[in-house]
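Quick notes on the structure that follows.
The values are calculated or read from the model by the stated rules, or taken from the named source; none is laboratory data. Predicted model only: the values in this text are computed from it and were never measured. Neighbour counts run over all protein chains shown; Cβ positions are idealised from the backbone, glycine included.
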Amino acid sequence: MTVLRNLLASVALASGFAGPAFAEETAVSAAASSEQIRLDLANEILAISYPEETREPMFRAVAEQMEAQVLQSLRDQINDDGAVAIIEDWQKETLAETNVILKESIPDLMDSWAKSFSKIYSEQELRDILAFVSTDSGKSFMLKSAEVLSHPDFAAANQRHIDKTLALVMDRMPDLMTRIVEYRSGSTEEGVNEE
């Protein structure tokens, strides 16, 4: 249909029958078609790279790795076994619920991932990526990309990063809390933030 429409537009423009509005409509239609082609390619890349049955385990593994690293960093920063036990118990109690949320979020995450690919990469780049992920090496590369996060080398570097970041946050937390208390005290007195 798009090809026919573009052909008719070309004939009409060449013969002088179409005005600027028709030409503009055709250009908009061609752009929309190009966007759809890129989105279709992106969806195909993701379907090959991350088959549906691999998605939940992949996202769960990434989430669990990050949670474990944050908990390890908290243990080091808090240095209070009782408080750490409370945090760990709370995390275990919420795990089932967060897993349900993760599972429900996967379709939206995958759709948004495809939309992002379609807007970041050109059609040719997407075609090249599709060609790569269609090979055995490409499939392996994509499926193993998430595994990199839990590989000991990467996990250790990421743990060092989290430790430093959390140390900074914990060090600066009293200042943040003071600012919030001061803000709320001032806002309440002015009637801006009354509950």
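Structural remarks
Residue-by-condition table, conditions (1) of a type in the set (Val, Ile, Thr); (2) surrounded by 12 or more Cβ atoms within 10 Å (Cβ to Cβ); (3) farther than 30 Å from Ser33 by Cβ; (4) in contact with a Pro (Cβ under 9 Å, 6 or more places away or on another chain):
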| residue | (1), (2), (3), (4) |
| --- | --- |
| Ile129 | yes, yes, no, no |
| Phe132 | no, yes, no, no |
| Leu149 | no, yes, yes, no |
| Phe154 | no, yes, yes, no |
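- The residue list Val169, Val148, Val133 contains one member that is within 23 Å of Leu71 (Cα to Cα) and within 22 Å of the chain's Cα centre (by Cα), which is Val148.
- Of residues in segment 63-90 being of a type in the set (Asp, Glu) and under 16 Å from Leu166 (Cα atoms), the one surrounded by the fewest Cβ atoms within 10 Å (Cβ to Cβ): Asp80
- Every residue from segment 93-121 that is within 14 Å of Asp40 (Cβ to Cβ) and exposed (fewer than 12 other Cβ atoms within 10 Å of the Cβ): Lys119
For every residue, the table says whether it meets (1) under 20 Å from Arg60 (Cα atoms); (2) modelled with pLDDT under 95.
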{"position": "Leu95", "(1), (2)": "yes, yes"}
{"position": "Ser112", "(1), (2)": "yes, no"}
{"position": "Phe132", "(1), (2)": "no, no"}
{"position": "Asp136", "(1), (2)": "no, no"}
{"position": "Gln159", "(1), (2)": "yes, yes"}
{"position": "Asp163", "(1), (2)": "no, yes"}
{"position": "Asp175", "(1), (2)": "no, yes"}
{"position": "Thr178", "(1), (2)": "no, yes"}
{"position": "Asn193", "(1), (2)": "no, yes"}
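- The set of residues from segment 139-167 being touching a residue at least 40 places away in the same chain (Cβ under 8 Å) and small (Gly, Ala, Ser) comprises Ala146, Ser150, Ala155, Ala167.
- Qualifying residue in segment 98-120 (condition: within 24 Å of Glu35 (Cα to Cα), of a type in the set (Ser, Thr, Tyr), within 21 Å of the chain's Cα centre (by Cα) and outside any helix (DSSP H, G or I)): no
- So Phe141, is it in a helix (DSSP H, G or I), at pLDDT 90 or above and over 16 Å from the mean Cα position of the chain (by Cα): yes
- Residue pairs meeting the criteria (Cβ under 7 Å; at least 6 apart or on separate chains; first within 20 Å of Gln77 (Cα to Cα) and in contact (Cβ under 8 Å) with a residue 12 or more places away in the chain, in segment 168-186; second surrounded by 10 or more Cβ atoms within 10 Å (Cβ to Cβ) and of a type in the set (S, T, N, Q)): Met170/Gln77
- Yes/no for Asp128 being part of a helix (DSSP H, G or I), among the acidic types (Asp, Glu) and more than 20 Å from the chain's Cα centre (by Cα): yes
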